[in-house]
Amino acid sequence: HLVLPASVSMFTEELGYDPRSTGASYERHAAELVAAGRTYVVLDDGAGHPALPGAPAQVAFKADIGALWATSAQVTGVWTRPDLRGRGIAHAALAATVARARADHVGQAGTVSLYVNDFNTAALALYSGLGFTRVGTFATILL
């Protein structure tokens, strides 16, 4: 599907290996998020211009609601295509993703959170600029 290459790119950039190398579970997970309406994307024509209806399109930005419970949603898998980074696309798209997460999943009073590795300075700046605040330090452990 259209989102899988972006999902794989995000994972590979963040963790250093292709998640498909261990089997089909990552691809199934990405497809399940899309099917559940928990993946949000911005499409373009592959050159940074709006995708026209019926024309070929690529994912310019994506984010998932990776965890959802009661009135809380956790944004995961935030990714902007490398050729579009630094143009403000992620700021607008992630703000819209947070608004949609509230509208679609947790309500206006709900909590939308995310986590980021401390070395990802661009993401830290983006999230801070959108009003996210640090509340703790955690480590990612893959099982």
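Report, by residue number, each residue of the stretch 68-88 that is farther than 17 Å from MET10 by Cα and either touching a Ser or Thr at 6+ places or on another chain (Cβ under 8 Å) or not basic (Lys, Arg) (or both).
Answer for the stretch 68-88, where residues must be farther than 17 Å from MET10 by Cα and either touching a Ser or Thr at 6+ places or on another chain (Cβ under 8 Å) or not basic (Lys, Arg) (or both): LEU68, TRP69, ALA70, THR71, SER72, ALA73, GLY88.
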Which pairs turn up if I take residues in the stretch 123-138 that are touching a residue at least 60 places away in the same chain (Cβ under 8 Å) and look for partners that are of a type in the set (Val, Ile, Thr) and surrounded by 10 or more Cβ atoms within 10 Å (Cβ to Cβ) with beta carbon separation below 9 Å, at least 6 apart in sequence or on another chain?
none
Report, by residue number, each residue of the stretch 58-70 that is aliphatic (A, V, I, L, M) and under 8 Å from the mean Cα position of the chain (by Cα).
ALA63, ILE65
Regarding ARG102, is this residue charged (D, E, K, R), open to solvent by 30 Å² or more (accessible area, probe 1.4 Å), touching a helix residue (DSSP H, G or I) at 6+ places or on another chain (Cβ under 9 Å) and at pLDDT 95 or above?
no
If you take the residues of the stretch 106-122 that are closer than 23 Å to ALA70 by Cβ and either open to solvent by 50 Å² or more (accessible area, probe 1.4 Å) or among the charged types (D, E, K, R) (or both), which of them is modelled with the lowest pLDDT?
TYR115
Here are some residues: GLY54, GLY48. Which one is out of contact with any helix residue (DSSP H, G or I) (no Cβ under 7 Å at 6 or more places or on another chain) and not acidic (Asp, Glu)?
GLY54
The residue that is farthest from ALA47 (Cα to Cα), considering only those in the stretch 71-112 that are of a type in the set (Ser, Thr, Tyr) and within 12 Å of the chain's Cα centre (by Cα), is THR76
Collect the residues in the stretch 102-137 that are over 23 Å from PRO82 (Cβ atoms) and among the acidic types (Asp, Glu), keeping them in residue-number order.
ASP104
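The values are calculated or read from the model by the stated rules, or taken from the named source; none is laboratory data. Worth saying up front: this structure is predicted, and the values here are computed from it rather than measured. Cβ: placed from backbone, ideal geometry, glycine included. Neighbour counts: every protein chain shown. Just the protein is used for accessible areas: all its heavy atoms, side chains included, with ligands, DNA and RNA removed. Shrake-Rupley method; radii C 1.70, N 1.55, O 1.52, S 1.80 Å.
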